[in-house]
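A short write-up of the structure that comes next.
Values in this text are rule-based calculations from the coordinates and carry no lab data. Everything numeric in this text was worked out from a predicted model, so none of it was measured. Heads up, the Cβs are rebuilt from the backbone with ideal geometry, glycines too, and the neighbour counts pull from every protein chain shown.
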Amino acid sequence: MEFVPRVIAAKLLIIFSLVLGCQTITEMTRIESDKDAVISKAVKENFLKDKAVDLTSVNVKTTDGSVDLSGTVPSLDARARAVKLAWQVTGVQAVVNHLEVKK
């Protein structure tokens, strides 16, 4: 009798893993729309124009107006500056900060 619940639990675990794996792959392969590409370009231009901190190594990807920032920055101030500059771009609906500070 204990065998049946274990089999069901194993099947649920496999299904759950497949669903999460497919969702992750979908997120990675999503292509920016023209509007999102314009937003990403504007954010990158803001980073290049800013002389206070070096943000050239920050990766920018936009999906439905949500700007994802990733990469490494030299300090906490640079991290905060990147978020602030991203919010200054017209059309930005959200900023998701995945930036790491160099140690």
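Some observations on this one:
- Relative contact order (percent, whole number), region 31-101, Cα cutoff 8 Å, 6+ residue spacing: 33
- The distance between label points at Val83 and Leu48 comes to 2.6 nm (points 7 Å beyond Cα on the Cα→Cβ vector).
- HN-Hα J in Hz across region 31-38 - Karplus 6.51, -1.76, 1.60, θ = phi - 60°, x for Gly and Pro: 9, 5, 6, 4, 5, 5, 5, 5
- Prolate/oblate/rounded label for region 31-101 (Cα gyration tensor, a/c 1.5): prolate
- Given +1 at the Cβ of Lys and Arg, -1 at the Cβ of Asp and Glu and no other charges, the dipole of region 31-101 around its Cα centre is 220 debye to the nearest 20.
- Cross-link table Lys41/Lys84; Lys41/Lys102; Lys49/Lys84; Lys35/Lys102; Lys61/Lys103; Lys35/Lys61, entries beyond 22 Å C-alpha to C-alpha: Lys41/Lys102; Lys35/Lys102; Lys61/Lys103
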